[in-house]
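Here, each number is a calculation from the coordinates, and none is a lab measurement. All values derive from a computational prediction rather than experimental measurement. Here Cβ is always computed from backbone atoms with ideal geometry, including for glycine, and neighbour counts include all displayed protein chains.
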Amino acid sequence: MSEQSVLQSESAVQHRIEEIGRSSPSGPAGASKYLKHLDFSILQQCIHCGMCLPTCPTYDTTRLERNSPRGRIALMRSIAEDKLPVTPAFGEELYFCLGCLACETACPAGVNYATMFEEARADIEQAGVLAHPRRNVIRAFTLRFLFTQPLVLRAVGRLLWLYQASGLEGIVRSWNLPRLLPAWLRDLEPLTPRVQSKFSDELIRAKERPVKVRARVGMLTGCVQDLVYPHVNRDTVDVLLANGCEVITPRAQHCCGSLHAHNGELEVAREMARRNIVAMENAAGPLDSLDAIVTNAAGCGSHLKHYDRLLAEDPEFATRAVTWSRKLRDIHEWISQLGPVAPKANEPRTVTYHEACHLVHGQKISRQPRELLKLIPGLTFVELPESAWCCGSAGIYNITQPEMSKKLLDRKLEKIRGTGATVVASANPGCCVQLEAGMREAGREVEIVHPITLLARAYRQERQGG
Amino acid sequence: MRRVEVHLNRSLVVPMPNLVSDLQSLLDPQRVLHEREHLLTYGFDGTAAIGGEASCVVLPQTTEEVVSIVRYASEKGVPIVTRGSGTGLSGGSIPVPGGIVLCLVRMDRILELDARNLTLHAEAGAITQKIAEAADGAGLLYPPDPGSMKISTIGGNVAENSGGLRGLKYGITRDYVMGLEVVLADGQVVTLGNKCVKDVAGYSMKDVFIGSEGTLGIITKVLLQLVPKPAAKKALLATFARMSEAADTVSAIIAAKIIPCTLEFLDKVTIRCVEEYAKVGLPLDAEAILLMESDGHPAVVAEEAQKMEAIARECGAVTVAVAADAEESARLSTARRSAFSALARVSPTTILEDATVPRSELTKMINFIQEVGARHQLRIGTFGHMGDGNLHPTFLTDERNHAEMERVELAMKEIFDFAIKLGGTITGEHGVGLAKKKFLPGAIGDASLSLLKQLKKTMDPRGVLNPGKIFD
């Protein structure tokens with residue numbers, strides 16, 4: 001593309017994003033059931049000082065107040081105060097938000113945006129202001145069916161693997177069959193991640209013990225992680241074992257429910273939380289008998305840590321959820337807390353680190369992954385400018401808001417290019433899928449990898465005497 | 001739920017029936033926002049418990065567009081409230097009912113950095129931080145550093161005459177404005193000032209617009225003065241068992257002919273909140289903490305730091321920590337930087353005030369604030385710029401608690417009255433806007449107020465520019 005046409009297409013994308021940011025469709029409004037009953041002090045905590053504005057990717061792009069955290073909070077507050085019903089424009093706005101939580105990091109007043117965001121989306125769904133036949137079908141199939149049935153999800157994953165591994169996908173692509181798909185689906189096709197042949201349960205035994213036990217932990221395998229990056233789960237167990245942890249991994253685990261909570265299905269999210277607690281108790285005994293419950297997916301961890309809040313009103317689960325949240329650790333956080341065993345094998349590569357939003361903003365974990373990477377001998381660590389700026393993956397945002405997502409991805413790829421790194425470490429499957437797709441499209445040979453995988457490789461190499 | 005809604009007792013605010021379509025004919029219709037979901041988000045700035053609702057929001061991209069909007073508004077008598085990022089702390093950019101909100105964030109270009117004349121020329125919507133970064137990139141410094149500089153616009157800084165942490169040594173926004181482009185109430189564009197250090201041709205009209213809070217004209221471009229970047233910096237942190245000792249330290253430092261770039265303090269309530277939130281190891285029994293920072297030539301910085309340490313000890317400091325390097329300097333200033341964050345977390349409503357007194361009267365003022373807080377059963381944390389007498393008594397309250405809010409009002413009035421009695425002012429750097437309108441007559445007196453009003457009438461005879469702000 002010539003420079004001019006690149007500029008033209010960039011301005012067209014910018015124009016389209018601004019259109020989305022401004023979008024105020026007409027349509028029947030609904031009544032609030034969630035925001036109105038939310039503890040008002042949570043909404044009131046926002047002092048609208050504006051410190052969140054420069055850290056918000058949507059505001060940064062459009063510079064419209066509505067597209068900023070404090071603007072969205074003002075709308076939520078208006079709904080809670082009966083100044084505004086739940087309108088389609090409100091719905092569009094809350095789905096334009098990435099939910100990256102960079103605003104929480106920037107907020108001087110400690111606003112709990114995550115809770116407001118989830119309640120707002122739940123309101124939008126119960127009011128049905130964004131209802132559309134296609135959207136309804138997709139939501140029912142994915143959120144209510146696929147991601148609530150671990151066995152079905154894995155069966156679908158298996159089929160997808162068969163399709164990709166058998167060469168059928170290649171044939172379909174070479175015959176340009178995706179052109180037969182509707183445009184919205186066609187654009188998504190390249191984003192399809194590569195499903196792996198073996199899932200976590202085949203790679204990890206229900207109980208694995210190191211020679212000398214320092215701690216006993218429960219391991220969460222996730223769902224996307226389990227299908228697309230099951231080896232990251234294996235690597236996590238290896239790192240845990242190398243650091244003296246006995247690992248208990250419940251079989252056929254459920255989705256943690258973050259997908260549901262972030263997309264307006266709070267009741268389903270609660271059910272997933274209950275199932276996960278029960279599954280861990282069945283596998284490991286009372287939660288108190290564990291030193292930690294470990295997750296390696298940032299998006300999951302950020303949600304899993306709040307089971308206490310999610311189940312606070314559930315008499316049967318409230319106390320167990322409090323224990324759960326108290327025990328829940330991100331893998332970097334846990335290893336760091338434990339005092340990591342330094343690997344001795346060399347990894348002579350230049351690595352940079354992209355911070356998953358739900359690790360740095362959602363869980364305030366920023367130092368530990370870097371420290372673990374720097375522990376690997378021979379590894380050259382380079383800082384990524386804007387490392388805590390969203391890559392545009394944001395759960396299913398790359399599907400629902402492709403323009404904005406692409407803009408953020410391009411920005412991220414540009415920053416990565418500037419570091420000269422050949423490896424990008426990132427601790428969230430969503431980010432990894434997004435960055436891999438971006439690198440593929442750009443034709444760049446950069447490995448996208450979980451920090452724990454690099455650590456596990458170093459330990460493994462050391463064992464093999466490498 | 002908001003405590004103060006904007007009401008104007010003037011006939012001017014009858015909503016224009018065709019306002020939106022008229023404006024859409026003047027600029028790209030996409031940049032005229034009128035839907036409720038947009039308007040609600042332009043109803044406030046950074047001020048607690050004050051809000052309003054605009055009739056429409058326009059986002060001009062050029063001075064010409066601003067002119068066309070002003071001409072239209074002036075002809076029809078529609079109020080215009082100009083704003084940037086909306087971080088003001090006195091309600092100056094709260095919309096006026098029936099009026100237009102003119103938001104300048106899209107006029108954000110830095111037009112020129114002239115290293116030979118040490119000037120920077122930018123559009124009014126340029127972000128203060130970007131200006132600071134541009135200056136820094138050229139080895140220069142734009143000294144004013146208001147707390148909101150990461151997102152505040154330079155136009156807003158000039159219109160409010162913002163201060164910052166470096167006021168003592170470097171002064172405030174006014175001291176760095178060399179020129180302005182302003183759209184007057186009748187739509188004429190004037191350029192005031194230039195790159196000359198000396199220029200006495202006519203009245204210094206640019207100064208009239210600095211701190212005018214959008215009531216006299218619309219600032220569209222700003223010409224700023226830059227200074228060479230200091231080569232070194234060093235921070236010290238001292239704790240005191242008595243507030244008077246901290247104040248004595250400040251006086252002694254000034255008397256020793258040292259002008260540090262920052263002299264910031266925290267009081268007991270703030271110290272406790274900071275420690276609770278940031279856990280930086282502050283002594284909870286301390287009455288005051290003083291953060292001192294020197295900048296300039298490395299040798300001078302080292303010498304000044306040494307002297308300040310000795311002075312603090314002589315004045316009775318319990319502990320004095322001196323930063324060994326830049327990293328430690330940053331760590332020491334954490335306490336001061338976390339002050340507002342820590343206070344803002346304590347309660348649902350945080351009201352940040354900025355009563356200011358001559359440096360010599362600081363102890364009296366601080367003691368009075370603590371006494372007022374106790375008497376009205378209020379939590380007030382005070383921190384601020386001890387070097388320049390600019391205090392930030394911060395009320396930790398809840399706007400839904402009406403009884404308490406009434407006590408806040410009473411306490412605030414007492415604090416302002418006392419500040420005036422000590423020869424101080426009701427606002428050091430936030431502006432009058434709506435929040436302090438009722439205190440202004442007492443602060444400046446009738447004759448001054450009438451001069452302000454005459455000026456306003458001359459510059460904006462139809463009263464379309466941010467009416468009802470500063471005074472009625």
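Since only A:LEU408, A:PRO286, A:VAL111 are under comparison, the one whose Cα sits farthest along the positive direction of the charge dipole of chain A, derived from C-beta charges on Lys, Arg, Asp and Glu, is A:PRO286. Think of it as helices only: each DSSP H run of n ≥ 4 in chain A is worth -39500 (n - 2.57), and spread over all residues that comes to -15000 deg cm²/dmol at 222 nm. For A:THR350, the residues whose amide H sits under 5 Å from its own are A:THR380, A:THR422, A:VAL423, ignoring neighbours fewer than 5 places away on the same chain, with H placed 1.01 Å from N. A straight line joining the Cα centroids of the stretch B:290-319 and the stretch B:176-232 runs 36 Å. In chain B, Cα pairs under 8 Å separated by at least six residues give a relative contact order of 15 percent.
Across peptide A:65-75, the average count of Cβ atoms from other chains found within 10 Å of a residue's Cβ is 5. A protection proxy built from the mean count of other Cβ atoms within 10 Å ranks the segments A:33-39, B:161-167, most packed first, as B:161-167, A:33-39. Under the criterion of Cα pairs below 8 Å and six or more residues apart, the relative contact order for the stretch B:175-285 equals 22 percent. Computed per residue of chain B from DSSP H runs no shorter than four, each worth -39500 (n - 2.57), the mean residue ellipticity at 222 nm is -10000 deg cm²/dmol. Would you mind pulling out the separation of the Cα centroids of the stretch A:23-102 and the stretch B:366-437, in Å? If you average the Cα positions of each part, the centres end up 31 Å apart.
Taking θ as phi - 60° and the Karplus parameters 6.51, -1.76 and 1.60, the scalar couplings of the stretch B:420-432 work out to 5, 4, 7, x, x, 9, 7, 8, x, 8, 9, x, 8 Hz in sequence order, x denoting glycine and proline. Estimated at 0.36 nm per residue, the fully extended path between B:ALA232 and B:ALA255 surpasses their Cα-Cα distance by 6.0 nm. The spacing between the stretch A:126-159 and the stretch B:85-134, judged by their C-alpha centroids, is 46 Å. Positive contributions from Lys and Arg (+1) and negative ones from Asp and Glu (-1), summed over other residues with Cβ under 15 Å from the Cβ of A:GLY418, come out at +1. Charge dipole of chain B (Cα centre as origin; +1 on each Lys and Arg Cβ, -1 on each Asp and Glu Cβ, all else neutral): 460 debye, rounded to the nearest 20.
Inter-label distance, A:ARG144 to B:LEU111: 5.9 nm, where each label sits 7 Å from its Cα along the C-beta direction.
Place +1 on the Cβ of every Lys and Arg and -1 on the Cβ of every Asp and Glu in chain A, take the dipole about the Cα centre, and give the residue among A:GLN363, A:ALA394, A:HIS450 whose Cα lies farthest towards its positive end. With unit charges placed on the Cβ atoms, the residue in question is A:HIS450.
In the protein assembly as shown, what % of DSSP beta bridges are antiparallel (nearest 5)? In the protein assembly as shown, DSSP labels about 70 percent of beta bridges as antiparallel.
Other residues lying with their Cβ under 10 Å from the Cβ of A:CYS103 contribute a combined charge of +1, Lys and Arg counting +1, Asp and Glu -1. Evaluated with a Cβ-only charge set (Lys, Arg +1; Asp, Glu -1), the stretch B:14-152 carries a dipole of roughly 120 debye about its Cα centre, given to the nearest 20. In percent, rounded to a whole number, the relative contact order of chain A is 14, using alpha-carbon pairs under 8 Å and six or more apart. Among A:MET116, B:MET386, the order by Cβ neighbours within 10 angstrom, fewest to most, reads A:MET116, B:MET386. Taking every DSSP beta bridge that has both ends in chain A, the antiparallel portion is near 15%. Taking N as the residue count of chain A, its C-alpha radius of gyration divided by 2.2 N^0.38 Å amounts to 0.97. Legend: calculated FRET efficiency, A:LEU181 to B:LYS195, from the Cβ-Cβ distance at R0 = 60 Å, rounded to 0.05, equals 0.50. The mean count of C-beta atoms from other chains within 10 Å of the C-beta of residues in A:105-112, rounded to a whole number, is 4. Counting neighbouring beta carbons within 10 Å and listing from fewest to most, the residues A:SER23, B:SER212 come out as A:SER23, B:SER212.
Applying 1/(1 + (r/R0)^6) with R0 = 22 Å to the Cβ-Cβ distance of B:ALA241 and B:ASN367 gives a FRET efficiency near 0.90. In this label model, A:SER197 and A:TYR163 are separated by 2.0 nm, measuring between points 7 Å along each Cα→Cβ vector.
Of the residues B:THR363, B:HIS376, B:ALA411, the one whose Cα sits farthest toward the positive end of the charge dipole of the stretch B:347-430, with +1 on the Cβ of Lys and Arg and -1 on the Cβ of Asp and Glu, is B:THR363. The mean number of Cβ atoms from other chains found within 10 Å of a Cβ in peptide B:339-349 is 5, as a whole number.
Spin-label pair B:VAL280-A:VAL152: with each label point 7 Å from Cα along the Cα-Cβ axis, the two points sit 5.3 nm from one another.
Evaluate E = 1/(1 + (r/R0)^6) for A:ASP314 and B:GLU327, where r is the Cβ-Cβ distance and R0 equals 51 Å; express this FRET efficiency to the nearest 0.05. After rounding, the FRET efficiency stands at 0.65. Charge dipole (Cα centre; +1 on Lys/Arg Cβ, -1 on Asp/Glu Cβ; no other charges) of the stretch B:386-464 amounts to roughly 480 debye. Using the Cβ of B:VAL464 as centre and a radius below 10 Å, the other residues enclosed give a net charge of -1, where K and R count +1 and D and E count -1.
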